[in-house]
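The next block holds one structure in the form of structure tokens; read it before the comments.
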Amino acid sequence: MTIAVVSHDAGCSELLCAMISQHRNDVRWHIFSHPKSPMALICEHNALPFTPIDDAVQQLEVLNPDALFFGTGWQEKVERPYVTYAKEHGIPTVAFLDHWSSYRERFGYPDETWETNCGDFTAVHDEKALQLALDFHLPNPIALPNLYLQKLLHEAKSKNIPQTQNLLFLSEPTDAVAKSTYGDENYWGFTQYTALEDILKNFERFGCTGLTIRLHPSEKSSGFKKILQKYPHVRVQINDAHTFELTHQLLSAKIILGFDTMALYTAALMGKSVISYLPSSNRSFLLPLPSSQQLRTLKSLKASHLSPIALSLENFGMNFALFLETLTKGT
């Protein structure tokens, strides 16, 4: 069996590459990716070869795959020509969803034709994602184990990384996502820059000696540096996601704050102190975290919010053989 894979954004690419790595000899895999994309970097990290994205029609005609697995995200839509070809030629397609936000928007919602961009099947990796997929009527949700998180947590247990007294801010390009999806950078009532201002204004409440800003792979530091100039009393370092290993940063931080990035949930599974911060009711909390760790304002921050929490990764999803059998049986 030959499976074609195409992806760009990091979240889905991690899920796909973890699956390919664990089952690399069970089928014939063929990955398509832009050479400098998050997917390409993840492939290189996992020693997985890939073919540069080119003309989807020509590439799939030559490969003639039995199925197409594709990533979803907001940054690029490189997957769509491959999905279109596969659907036109009766090749089963599986859309992989990583975390719990923008499930319809990934496919082009609110455009009237957004559903044509969906897969024949929708791969999800936990109960909350499954329920969201059902609520949004995404095609044929399939429950799969989160092999990426399983591997990440196993590796984290073997690491002996001393904890610093730093607050780690996991930034996301909220303004760019809002702009590309809704045409308004401030659609949700906040951006990563206004959130940073909030953090700096309330920094003493965290009981930390320094602040580390981990940039999203698509972000640059210039916008943050302008804000930091107004707060010279706070010791700050800005880290590039391509350079600094995520697990190391999560384990070494005293407290981790972000919006609804998957890394917050990962940190909670590692037993770290985490805060999901959404300073506007225009955006709902989506991470499967206790409500005690979800804040709308940092002015209400208390010592109880800063304590580590205990979460465990649920036993979820079908095995790979059953997954393939489900695809071959069709919808």
Review point. In the stretch 18-38, what residues are buried (at least 23 other Cβ atoms within 10 Å of the Cβ), modelled with pLDDT of 95 or more and farther than 16 Å from L63 by Cβ?
Key: M19
Point to revise | Conditions (1) surrounded by fewer than 14 Cβ atoms within 10 Å (Cβ to Cβ); (2) free of Cβ contacts under 8 Å to residues at least 24 places away in the same chain; number of the one not met by H248 | key: (2)
Point to revise | Listing of strands (runs of 3 or more DSSP E) fully contained in the stretch 85-150 that carry 1 or more residues being exposed (fewer than 15 other Cβ atoms within 10 Å of the Cβ) and modelled with pLDDT of 95 or more | key: none
Review point. In the stretch 206-249, how many are part of a loop (DSSP other than H, G, I, E, B) and either of a type outside the set (S, T, Y) or closer than 16 Å to T174 by Cα (or both)?
Key: 20
Practice item. Please name all residue pairs, on different chains or six or more residues apart, with Cβ atoms under 8 Å, provided the first residue is in the stretch 109-129 and is under 16 Å from G330 (Cβ atoms) and the second residue is at pLDDT below 95 and surrounded by 20 or more Cβ atoms within 10 Å (Cβ to Cβ). Key: C118/F107; F121/L327
Study note, to complete from the structure: Only one of (1) under 25 Å from D126 (Cα atoms); (2) touching a residue at least 12 places away in the same chain (Cβ under 8 Å) does not apply to S291, and that is (2)
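Every residue, every condition in (1) basic (K, R); (2) at pLDDT 95 or above; (3) surrounded by fewer than 19 Cβ atoms within 10 Å (Cβ to Cβ); (4) at positive phi, yes or no:
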position: V177; (1), (2), (3), (4): no, no, no, no
position: T181; (1), (2), (3), (4): no, no, yes, no
position: D184; (1), (2), (3), (4): no, no, yes, no
position: Y193; (1), (2), (3), (4): no, yes, yes, no
position: L200; (1), (2), (3), (4): no, yes, yes, no
position: G210; (1), (2), (3), (4): no, yes, yes, no
Check your understanding: Any chance the stretch 253-274 includes a residue that's buried (at least 19 other Cβ atoms within 10 Å of the Cβ), in contact with a Pro (Cβ under 8 Å, 6 or more places away or on another chain), in a loop (DSSP other than H, G, I, E, B) and not acidic (D, E)?
Key -> yes
Exercise for review: For N160, state whether it is in the same structural domain as I256 (by TED's automatic domain parsing), outside any helix (DSSP H, G or I), of a type in the set (S, T, N, Q) and within 19 Å of S284 (Cα to Cα).
Suggested key: no
Study note, to complete from the structure: Matching residues in the stretch 54-84 (buried (at least 18 other Cβ atoms within 10 Å of the Cβ), within 21 Å of S180 (Cα to Cα) and polar (S, T, N, Q)) number 1
**Study point:** So V78, is it farther than 17 Å from V27 by Cβ, in a loop (DSSP other than H, G, I, E, B) and β-branched (V, I, T)
**Key:** yes
Check your understanding: So V274 fits all but one of (1) under 21 Å from the mean Cα position of the chain (by Cα); (2) of a type in the set (V, I, T); (3) more than 23 Å from C12 (Cβ to Cβ); what number is the exception?
Key -> (3)
Exercise for review: Collect the residues in the stretch 22-46 that are in contact (Cβ under 8 Å) with a residue 40 or more places away in the chain and in a helix (DSSP H, G or I), keeping them in residue-number order.
Suggested key: Q22, P38, L41
Check your understanding: When the residues of the stretch 286-327 are filtered to those that are closer than 16 Å to N202 by Cβ and touching a Pro at 6+ places or on another chain (Cβ under 7 Å), which remaining residue is surrounded by the most Cβ atoms within 10 Å (Cβ to Cβ)?
Key -> R296
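The values are calculated or read from the model by the stated rules, or taken from the named source; none is laboratory data. Predicted model only: the values in this text are computed from it and were never measured. Counting neighbours? That spans all protein chains shown, and the Cβs are built from the backbone with ideal geometry, glycine included.
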